[in-house]
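Notes follow the structure.
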């Protein structure tokens with residue numbers, strides 16, 4: 001099975017259909033992703049695609065977190081993964 005590649009625009013567009021409202025509850029937050037590579041830039045999004053585990057990416061130095069670490073961890077549970 002091949003991995004589907006999504007652009008940041010496609011991810012942002014798909015956010016509403018993957019949110020799990022009962023898990024999000026009253027959570028209100030804005031997460032800024034500063035992307036490097038082909039789609040480099042700053043993006044304001046609320047989800048990961050599931051192509052890589054956030055904790056593993058952080059431990060490998062592929063993901064850096066500034067701010068609320070608890071929110072970053074919780075974010076993984078607020079969305080269904082495609």
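Arranged by the count of other C-beta atoms within 10 angstrom, fewest first, what order do 66, 80, 74 take?
Ordered from fewest to most neighbouring Cβ atoms within 10 Å, 66, 80, 74 come out as 66, 80, 74.
Once both labels are positioned 7 Å from their Cα atoms along Cα-to-Cβ, the gap between residue 71 and residue 26 label points is 1.6 nm.
Under the simplified labelling scheme, the residue 33-residue 63 pair shows an inter-label distance of 0.9 nm, with each label point 7 Å from Cα along Cα→Cβ.
Only the coordinates and a few stated rules stand behind these numbers; no lab work does. All of these numbers come straight from a predicted model, not from anything done at the bench. Cβ: placed from backbone, ideal geometry, glycine included. Neighbour counts: every protein chain shown.
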